[in-house]
1. Determine the relative contact order of the stretch 26-203: mean sequence separation of Cα pairs under 8 Å and six or more apart, normalised by residue count, in whole percent.
2. Kirkwood Rh over Cα pairs of the stretch 26-203 into Stokes-Einstein at 20 °C, 1.002 mPa s: D in µm²/s?
3. Rank by packing, highest mean first: peptides 37-45, 145-153, with packing defined as the count of other Cβ atoms within 10 Å averaged across residues.
4. Quick one: of LYS110/LYS182; LYS142/LYS163; LYS91/LYS154, which pairs are farther than 31 Å apart, Cα to Cα?
5. Quick one: which of 73-80, 135-142, 86-93 comes out on top by average Cβ neighbours within 10 Å, and what's the full order, highest first?
Amino acid sequence: MIVIALVKRLNVFMGVLIVLAVSGCATTDYTTHYGVFTAENSAGEVRQFRIHWQTLRYEGWAKNQFRALPVTLETQCSQRKVYFYDSSFGKGRRCSGGSKDGIYYCADAKADVDRHGLDIEDNIVCGTVTDRSGSTDILSLKGEVLITLNCRPKNIYRQVKGKKKSIDFLLTSKIPYVVTTKEIKGEDLELLVPSLSTHSSICDSDI
């Protein structure tokens, strides 16, 4: 009888622990933001581009916490992605000469040149993203976003197993590209964000 009573008490105790564990487990809520637009790459080819980023809400023992992933700019047919970071990513992601606040792409002197094709200083501000409200952090970014690029790729192709692969990206412009973006709950980019066609009739036409 004593053993049975102890087993019952143990079962009740374990049940309480399970309930507490379930109620206290942290959850992560993703929101995906994206936009697709048509423009020219630095080689003057008409391409589709997609810009996307994700914001996260952590819910757990403490109050809700919010975090953003980098803004990513992708070019149709190209293997290169351009990443924009804000101050939440720390000093290591900040451009030299850039203001404290802002969403920036920092130049890679080995891969980028200025709009005229001349060498540039490494890690200077090479591009910015904001919106109609002038947002300087990714968490606040929404609606129509404005993209400005001041650099171009040093090389638009690279050799991969004897074949040319594009590493081009969006053409520089003094006037910002204005892109309408949407937001949707969920984490899986490939399911939520429209893909860019890589059909050979488009991507191999100029190689």
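1. Dividing the mean separation by the residue count of the stretch 26-203 yields 25 percent.
2. The Stokes-Einstein estimate is 125 µm²/s.
3. 145-153, 37-45
4. On the way: LYS110/LYS182 34 Å; LYS142/LYS163 39 Å; LYS91/LYS154 26 Å.
Flagged as over cut-off: LYS110/LYS182; LYS142/LYS163.
5. Numbers: 73-80: 20.8, 135-142: 17.9, 86-93: 12.8.
Highest mean packing first, the order is 73-80, 135-142, 86-93.
Where a number appears in this text, it was derived from the coordinates with a stated rule and is not lab data. These numbers were taken from a predicted model, which means no experiment stands behind them. Cβ: placed from backbone, ideal geometry, glycine included. Neighbour counts: every protein chain shown.
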